[in-house]
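Written below as structure tokens is the structure these notes are about.
The values are calculated or read from the model by the stated rules, or taken from the named source; none is laboratory data. Computed from a predicted structure; not experimentally measured. Cβ placement follows ideal geometry from the backbone for every residue including glycine, while neighbour counts extend to all protein chains displayed.
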């Protein structure tokens, strides 16, 4: 399959809208352009909702273009109203600065700032917005926009119904000014963002047109949802973070491994750098036997490796094989056990504990009674570190402790319990 870069983005489903399809495709095919994507620091880490835009920067760089990541140290102090039900809470300058620094470090893992031909760049809009006086802003930016124009933006219209402050109402002008500033000072001609950013992006192209008479370009990506229409990136209400301290590589790997059959192939197009031909082959094999979950396994491997590295992927795969594939628990280190068994029921051993297997199963609440415990042991339903125990007189000893910290007890096929010392 031979596609130009713009066509490939379309084939992957990564283009939702552009301000000028024909002219933008021509520029991408004939020139090496500069583009930017903004990331507002609303926490000390980005989550997978930001992964498509991050990888988009990398795709452009691999295609020979120059990506610029804008950290919104200035706009992050305001808050973007786009399709939010209520106003964001305002954070202090110091907090936003700390979050901006953390996000800079994260972005450096995905785009190459030291490339010989088209090195990526990082900018922080606080550097110019923080110096901008209100009078200058109103004279130089505000005069270019009517209230009717600003009110026509869908993201604003939705919030007007529930109430929007002037602070957030003016956000689109700040982002538009960012684009104008980068266009003038850094020759950046394209802004890329999620589809909820369309109003903010076109405010920038309009400001560039009015102030310079030249053309800036906007491109939006679709907001990712699952096949059943749910917002992507949430797991039981919790964000899946790119920071390994917030979401462990094992949890991250499991998230991708468990995406639905109807989403897996499309997610390979969105979130990996496998070629479309490779994905087509995977799709063919996957459709022939969905039970093998080839698409999910490939997705989990590729995305975990991109975000956390090959070593973290191999560790996550190893933990998963023990938890769900019947592997040997004793092959895991204490650190791997702590990561993989983070969410299973646990029991902290106290001093002088009775380690007879029957007494211990009851004390740790693995079994509800001694009768049930004796029955489980006799029937072979109890495993210690993966090894079946059927001796009612068995006592846990130091040999059952992994690095002196943990013992894993399994009841039946799937119910794991973590014993902590």
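Just a few scattered comments:
- Residue among 193, 199 that is in a strand (DSSP E or B) and under 23 Å from residue 6 (Cα atoms): 193
- Qualifying residue in region 245-261 (condition: at pLDDT 95 or above and at positive phi): no
Each row is one residue, and each column tells you yes or no for (1) under 16 Å from the mean Cα position of the chain (by Cα); (2) in contact (Cβ under 8 Å) with a residue 24 or more places away in the chain; (3) part of a helix (DSSP H, G or I).
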| residue | (1), (2), (3) |
| --- | --- |
| 246 | yes, yes, no |
| 250 | yes, yes, yes |
| 254 | yes, yes, yes |
| 270 | yes, yes, yes |
| 281 | no, no, yes |
| 311 | no, no, yes |
| 318 | no, no, yes |
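- Note on region 60-74: among residues that are at pLDDT 95 or above and part of a loop (DSSP other than H, G, I, E, B), the one that is nearest to residue 249 (Cα to Cα) is 63.
- Residue satisfying condition, being surrounded by 14 or more Cβ atoms within 10 Å (Cβ to Cβ), modelled with pLDDT under 90 and within 30 Å of residue 372 (Cα to Cα), within set 359, 353: 353
- Hey, residue 286 buried (at least 18 other Cβ atoms within 10 Å of the Cβ), in contact with a helix residue (DSSP H, G or I) (Cβ under 6 Å, 6 or more places away or on another chain) and closer than 19 Å to residue 56 by Cβ or not: no
- Taken as a whole, the condition of being under 23 Å from residue 267 (Cβ atoms) and out of contact with any helix residue (DSSP H, G or I) (no Cβ under 6 Å at 6 or more places or on another chain) does not apply to residue 34.
- Qualifying residue in region 181-188 (condition: surrounded by 15 or more Cβ atoms within 10 Å (Cβ to Cβ) and at pLDDT below 85): no
- One residue alone among 223, 268, 207 is surrounded by fewer than 22 Cβ atoms within 10 Å (Cβ to Cβ) and in contact with a helix residue (DSSP H, G or I) (Cβ under 6 Å, 6 or more places away or on another chain), and that residue is 223.
- Hey, residue 366 in contact with a strand residue (DSSP E or B) (Cβ under 6 Å, 6 or more places away or on another chain) and modelled with pLDDT of 95 or more or not: yes
- Selection over region 14-35 of residues that are exposed (fewer than 14 other Cβ atoms within 10 Å of the Cβ) and over 29 Å from the mean Cα position of the chain (by Cα) gives a count of 6.
Quick grid of which residues meet (1) in contact with a strand residue (DSSP E or B) (Cβ under 6 Å, 6 or more places away or on another chain); (2) at pLDDT 95 or above; (3) within 18 Å of residue 107 (Cβ to Cβ); (4) not in a helix (DSSP H, G or I):
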position	(1), (2), (3), (4)
9	no, yes, no, no
14	yes, yes, no, yes
27	no, yes, no, no
38	yes, no, yes, yes
43	no, no, yes, yes
52	yes, yes, yes, no
58	no, yes, yes, no
76	no, no, yes, no
82	no, no, no, yes
